Amino acid sequence: MAWFKVDDSFYDHPKVFDAPDCAVALWVRAGSWASRNLTDGFVPTGMPRRLCDDPDTAAKDLVKRGLWDEVEGGYRFHDWSVQQPSRVKVLGERAAANRRQALTRNPDLREFVRQRDANLCRYCGRPVEWKDRRSASGGTFDHVNPDGPTEADNVVVACRGCAAGKGARTPEQAGMQLLSVPQRVETQIVSRYVPKSDLDSSPYPTRPDPTRPVLPTEVRQLEPPPEGGANAPPVEAGDSGVELESAPLTAQTVVAAYIEGARASRRTVTGQIRKQVGKTAKELIESGEVAPQRILDAAREMGRRGWKDLNMQFLREPEANGTARSNGGPPPRDRLAEGMDVIEKLEAQYGAADDQPPAQMIEPRLPGRRR
């Protein structure tokens, strides 16, 4: 919807200060009509008769005061483009709004673009924060060609800073470069937005192939940087996890096991999650209260469920024999056994059950309670 804008100082402007009401009414109504029909301020000759009781006098007065210019076929508002949006601008804004709505109504396309671009801005390459809706690092979607369709080839992930700098322009017009798709691409990411001809020739199948080995390049893109510098041995997170069990237990191996579980359930592991899991794993390893195999198994299960705190898994699952908890602490005593111990102590102190214990043992007095 286009709006006809009237300045708040219009009422005492020198051109309209002593203008008759009929001329002012014609000017306002004609402006509203021109904005709705996107005529760029043009008013046909026959239109004033529909908007004013004395159209000839009012139109001549507006031309005399410099508010209208008489042109071929009618009249035109003076300096329309200075105060009012042009037809081209309004149509462009409407088309952009339609593209945004089409993207909002298509969650499959948004999820495909996010996974394809690995939540990285395709203009500057930095990670985006989808929950941040104010700062420049917040995540959004951008049409590479602002006049193009809402398809996977024309929609990319962008940070709000780059999206605002680009505006309704192509990257070439804005002096920006569109980066290539990140190498970190899961093999199971296949969408109906990819043409069928491309799927036939693509090395990635429509479903994960369990017989295909994990490429070293894929592992390096998913695993965190090694601790201890460049001399630390690399740890590869294979599908079976055999390499992790044979490697020394470090925070790096625990994070790799977590990523392995997350990949099995098609979850994305961000750098913040890897950092949090590595910090918890380091504390558990230094405490020495949990067996290494238990830590790796718990990390895989946590990655599969999408949890971030490894202690949740240890507090959730007790040992099979029930004698000790997974976190190394003693199991909680049975409440009935504790109650029997209290009864035995009372009987030993005050006699058998037939004897009458003191009144304070029968009804203990609570603070603030009257007898």
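A few comments on the model shown:
- In terms of distances greater than 27 angstrom between alpha carbons, the cross-link table entries Lys131/Lys279; Lys5/Lys131; Lys5/Lys64; Lys166/Lys275; Lys166/Lys279; Lys64/Lys89 yield Lys5/Lys131; Lys166/Lys275; Lys166/Lys279; Lys64/Lys89.
- Nitroxide proxy distance, nm - points 7 Å out along Cα→Cβ at Ser32 and Asp341: 8.5 nm
- Protection proxy ranking of 275-287, 150-162, by the mean of other Cβ atoms within 10 Å over each peptide's residues and highest first, is 150-162, 275-287.
- Note that region 108-125 has calculated 3J(HN,Hα) couplings of 5, 5, 4, 5, 4, 5, 5, 6, 5, 8, 6, 6, 10, 5, 7, 10, 10, x Hz, one per residue in order, obtained from phi through the Karplus relation 6.51 cos²θ - 1.76 cosθ + 1.60 (θ = phi - 60°); glycine and proline are x.
- Spin-label model, Ser137 to Ser287: label points 7 Å out along the Cα-to-beta-carbon direction sit 3.0 nm apart.
Just so you know, all these numbers are worked out from the coordinates, no wet-lab data involved. Bear in mind that the values here come from a model prediction, so they are computed numbers and not experimental data. Here the Cβ is made from the backbone with ideal geometry for all residues, glycine too, and neighbour counts use every protein chain on show.
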